[in-house]
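S.K.: Let me begin by handing over the structure; questions about it come next.
The values are calculated or read from the model by the stated rules, or taken from the named source; none is laboratory data. Just so we're clear, the structure is a prediction, and the values are computed from it rather than from any experiment. Cβ sites come from the backbone with ideal geometry, for glycine too, and all protein chains shown count toward neighbours.
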Amino acid sequence: MNAPLASVLFVCVHNAGRSQMAAGFLRHLAGDRVEVRSAGSVPGDRINPSAVEAMAEAGIDITDQKPKVLTTEAVRASDYVITMGCGDACPVFPGKNYLDWALEDPAGKGVEAVRPIRDEIRNRVEALIAEIDAKREA
């Protein structure tokens, strides 16, 4: 098995919705080509049930995931750090690719409201995979 092409850390406040959906899509779409992490600046106590349901509709099971606290080690170990509304809670290290994805927070919303957020995340994850692949082929 080859080493992953890149490592990606998704960060949102609670690590219960957006970052978990993004990590689920990246694991599903990139397989073991990309190392995937997710974390929250103030992790929730469980994954958002609407996010779980929306992802299940897309054929991806994230029920085994748990919100995790953001650590400087996770940031340091990642090539890409993608924030989703955590503002300045994310430590910044030189040489990392930082992206901020302005996405609506699915907290407290039903699955109908989470579906468009899920679809936007999928589009962004697909573009991210294309960028990672293009960098490795360059």
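S.K.: Which residue, of 52, 36, is in contact with a strand residue (DSSP E or B) (Cβ under 8 Å, 6 or more places away or on another chain) and free of Cβ contacts under 8 Å to residues at least 60 places away in the same chain?
M.R.: 36
S.K.: If residue 75 satisfies all but one of (1) within 15 Å of residue 7 (Cβ to Cβ); (2) crowded, with 22+ Cβ neighbours inside 10 Å; (3) not aromatic (Phe, Trp, Tyr), what's the number of the condition it fails?
M.R.: Only one criterion in (1) within 15 Å of residue 7 (Cβ to Cβ); (2) crowded, with 22+ Cβ neighbours inside 10 Å; (3) not aromatic (Phe, Trp, Tyr) is unmet by residue 75, namely (2).
S.K.: Would you be able to tell me the number of residues in the stretch 8-32 that are among the small types (Gly, Ala, Ser) and surrounded by fewer than 18 Cβ atoms within 10 Å (Cβ to Cβ)?
M.R.: Residues flagged as among the small types (Gly, Ala, Ser) and surrounded by fewer than 18 Cβ atoms within 10 Å (Cβ to Cβ) within the stretch 8-32 amount to 1.
S.K.: If you scan the stretch 97-124, which residues turn out to be more than 12 Å from the chain's Cα centre (by Cα), in contact (Cβ under 8 Å) with a residue 60 or more places away in the chain and outside any helix (DSSP H, G or I)?
M.R.: 105, 106, 107, 110, listed by residue number.
S.K.: In the set 53, 35, 104, which member is within 24 Å of residue 3 (Cβ to Cβ), surrounded by 14 or more Cβ atoms within 10 Å (Cβ to Cβ) and charged (D, E, K, R)?
M.R.: Values: 53 fails: within 24 Å of residue 3 (Cβ to Cβ); 104 fails: within 24 Å of residue 3 (Cβ to Cβ).
None of the others qualify; the one that does is 35.
S.K.: Here is a further query. Counting only residues that are under 20 Å from residue 111 (Cα atoms) and either touching a Gly at 6+ places or on another chain (Cβ under 8 Å) or among the β-branched types (Val, Ile, Thr) (or both), how many does the stretch 62-86 have?
M.R.: 4
S.K.: Residue by residue through the stretch 56-72, note down the ones that are farther than 23 Å from residue 4 by Cα and either hydroxyl-bearing (Ser, Thr, Tyr) or buried (at least 19 other Cβ atoms within 10 Å of the Cβ) (or both).
M.R.: 63, 67, listed by residue number.
S.K.: Here's another thing I want to ask about it. Of the numbered conditions (1) exposed (fewer than 15 other Cβ atoms within 10 Å of the Cβ); (2) within 13 Å of the chain's Cα centre (by Cα), residue 93 satisfies every one except a single condition; which is it?
M.R.: For residue 93, the failing item is (2).
S.K.: Here's a follow-up. From the residues in the stretch 85-101 that are at pLDDT below 90 and hydrophobic (A, V, I, L, M, F, W, C), which one is nearest to residue 5 (Cα to Cα)?
M.R.: Only one residue tops the list, namely 93.
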